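Down below is the structure, laid out as structure tokens.
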Amino acid sequence: MFIYDSVQKTKLQLVPIKAGEVSIYVCGPTVYDDAHLGHARSALAFDLLSRTLKALGYKVTMAKNFTDIDDKIIKKVETTGKSMQEITSFYIDSYLKEMAALGVRRADIEPKATQSLDAIETMIQTLIDNGFAYRVPSGDVYFDTSKDSHYGNISRRVGEDEENQSRVAHTDEKKNPKDFALWKACKKDEDICFKTSFSSGRPGWHIECSAMIEKHFHGNNEYSIDIHGGGADLLFPHHENEAAQSRCATGHELAKYWMHNGFVQIDGEKMSKSLGNSFFLKDALQVYDGEILRYYLNSVHYRNDFNFNEEDLLAAKKRLDKLYRLKKRVIPGQASVPHPAFKSALIEAMADDLNVSVALALIDQMITQSNEKLDLNPKDKKLKNEILANIEFIDSLLGFGGKEPFEYFQIGIDETVKNKIESLLHERAEAKKNKDFTRSDAIREELLAMGISIMDTPSGTLWEKA
RNA sequence: GGAGCUAUCGCCAAGCGGUAAGGCCGCAGCCUGCAAAGCUGCUAUCCCCGGUUCAAAUCCGGGUAGCUCCUCCA
């Protein structure tokens with residue numbers, strides 16, 4: 001398996017800390033609002049990574065956290081009057097539900113900041129004890145970036161001048177402008193507070209990931225985990241700071257490899273609340289089926305920016321449709337073994353830093369060839385079973401093509417409409433038998449107006465939601 | 001102001017020094033009562049200018065354009 005390491009800025013062969021096992025930690029969402037398409041893309045990218053590693057025979061342990069202590073959550077508590085717990089559990093549930101709709105498999109470990117306070121306190125205390133962090137009179141604890149000679153290695157940001165630092169909010173209590181809060185002490189009674197030996201307060205943004213990794217993973221004396229992932233925007237300062245904390249607290253590096261996914265853009269611009277162009281996943285799921293969104297969002301390499309638009313989504317859907325039309329032709333059947341060359345080519349493509357484009361091209365090729373063979377031998381059971389096995393393999397590796405094909409084409413059509421379609425098709429069959437093509441064509445037009453396209457086959461007329 | 005990424009057919013998108021994958025759209029044909037679906041065929045020299053090399057979309061230098069990060073952010 002080759003992966004692109006965003007710190008070394010080059011593609012590297014993955015050599016795990018422990019042979020045959022891969023540990024992954026992905027930065028999950030801060031649960032103060034609904035997930036947007038960007039969260040989906042990140043989740044999808046690392047889901048693909050995990051599936052590929054498993055297909056290659058690795059034992060994968062993936063952790064994805066939920067940040068459930070945060071300033072924005074606290075703000076939501078203040079504005080809504082709801083409890084922090086109410087808010088975070090609501091958004092965790094909806095996140096998991098929406099990701100499930102996209103076919104994202106659950107992480108093996110889903111740590112929360114509120115459940116990791118012990119580990120957080122331990123790590124901060126260690127940093128204080130060893131002189132890498134300092135407590136200021138207010139009770140805040142800061143990481144002393146000047147004590148970490150490697151600070152800046154992750155984002156490759158070393159010589160930042162004073163002028164740039166001025167953009168960062170100055171706190172007089174900090175020793176160096178780049179220092180960041182490990183712990184924020186309570187300032188007033190209403191603050192969310194957790195008691196620790198250094199002060200009552202709450203963790204800073206970066207510390208939870210480092211602490212959770214130490215709590216759940218045991219790497220070797222060089223690295224805590226194999227791969228650390230997240231969105232490209234997390235590279236700095238989040239991952240830089242995580243790396244610094246972990247390095248100073250443990251004496252070794254946090255992760256052997258770093259992977260970052262690109263952004264989802266709308267109309268060529270980053271999707272964000274301030275621009276007013278964010279697209280919530282729940283809204284997208286109301287219009288498009290999760291599987292189609294998955295196919296579409298995964299169809300561009302994870303490191304590239306992704307420009308979301310309906311036209312491209314439709315093209316992606318048409319591509320997925322072809323797989324399901326093929327599946328229609330081989331069902332019902334008993335999946336045998338996927339074609340060896342096809343299977344290995346598919347894995348090989350994905351093992352090259354998740355080259356989905358090549359994988360999809362291979363699938364399209366398989367579809368065309370299968371249709372061709374089926375045209376020649378429509379009743380070849382062995383052929384059909386192999387094709388079915390190919391499709392099942394695609395589903396396990398890439399997470400699409402697993403539905404029952406007739407259902408796939410009929411998503412969102414209710415029973416009443418289905419009955420109407422059936423009776424119209426029945427009438428059309430009669431008309432065709434009587435060579436009343438005027439009537440049969442009229443029915444076809446009527447169905448088309450309903451958003452239903454039909455296709456005549458030797459075994460009868462099939463219909464699809466257009 | 002500093003750092004980085006990207007630029008390939010109308011659109012999306014691979015390519016990782018050896019002579020341009022795939023999909024959507026379009027055109028022609030086969031099939032069909034006609035369609036649809038499926039199949040077959042056709043459609044680019046890679047933003048611009050230099051350089052390195054036997055050989056560059058791929059490497060180097062200089063432009064131009066777009067995006068991102070440096071502040072919460074997937």
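The values are calculated or read from the model by the stated rules, or taken from the named source; none is laboratory data. This one's a predicted model, so the numbers in the text were calculated from it and none came from an experiment. Cβ: placed from backbone, ideal geometry, glycine included. Neighbour counts: every protein chain shown. What goes into the accessible areas is simple: the full protein's heavy atoms, side chains included, and nothing from ligands, DNA or RNA. Shrake-Rupley method; radii C 1.70, N 1.55, O 1.52, S 1.80 Å.
All told, residue A:457 meets the bar of being more than 25 Å from residue A:105 (Cβ to Cβ), loosely packed, with under 13 Cβ neighbours inside 10 Å and either without any contact (Cβ under 8 Å) to a residue 40 or more places away in the chain or aromatic (Phe, Trp, Tyr) (or both). Note on segment A:349-436: enclosed helices (runs of 4 or more DSSP H) holding 1 or more residues that are among the small types (Gly, Ala, Ser) are A:356-376, A:381-398, A:415-433.
Can you tell me which of A:317, A:327, A:322 is touching a residue at least 24 places away in the same chain (Cβ under 8 Å), open to solvent by less than 30 Å² (accessible area, probe 1.4 Å), in contact with a helix residue (DSSP H, G or I) (Cβ under 8 Å, 6 or more places away or on another chain) and within 13 Å of RNA strand B (Cβ to nearest atom)? Full working, then the answer.
Details: A:317 fails: open to solvent by less than 30 Å² (accessible area, probe 1.4 Å); A:322 fails: open to solvent by less than 30 Å² (accessible area, probe 1.4 Å).
Result of the check over A:317, A:327, A:322: A:327.
Checking each residue in segment A:409-443 for being among the basic types (Lys, Arg) and touching a Ser or Thr at 6+ places or on another chain (Cβ under 9 Å) picks out A:428, A:432.
Only one of A:288, A:295 is modelled with pLDDT under 95, of a type in the set (Ser, Thr, Tyr) and farther than 29 Å from residue A:178 by Cβ; which? Walk me through it before giving the result.
On the way: A:295 fails: modelled with pLDDT under 95.
Only one candidate passes the filter, namely A:288.
Of all residue pairs spaced 6 or more apart or on separate chains, those with beta-carbon atoms under 9 Å, a first member in segment A:12-30 that is within 21 Å of residue A:232 (Cα to Cα) and a second member that is among the basic types (Lys, Arg) and away from RNA strand B (no atom under 14 Å from the Cβ) are A:14/A:256.
Is one or more of the residues making up segment A:271-284 assigned by TED's automatic domain parsing to the domain that holds residue A:375, closer than 22 Å to residue A:38 by Cβ and not β-branched (Val, Ile, Thr)?
From segment A:271-284, those assigned by TED's automatic domain parsing to the domain that holds residue A:375 are none; that's our starting set.
Among the residues of segment A:271-284, not one is assigned by TED's automatic domain parsing to the domain that holds residue A:375, closer than 22 Å to residue A:38 by Cβ and not β-branched (Val, Ile, Thr), which makes the answer no.
The residue list A:107, A:43, A:100 contains one member that is more than 26 Å from residue A:194 (Cβ to Cβ), among the hydrophobic types (A, V, I, L, M, F, W, C) and either in contact with a helix residue (DSSP H, G or I) (Cβ under 6 Å, 6 or more places away or on another chain) or not in a helix (DSSP H, G or I) (or both), which is A:43.
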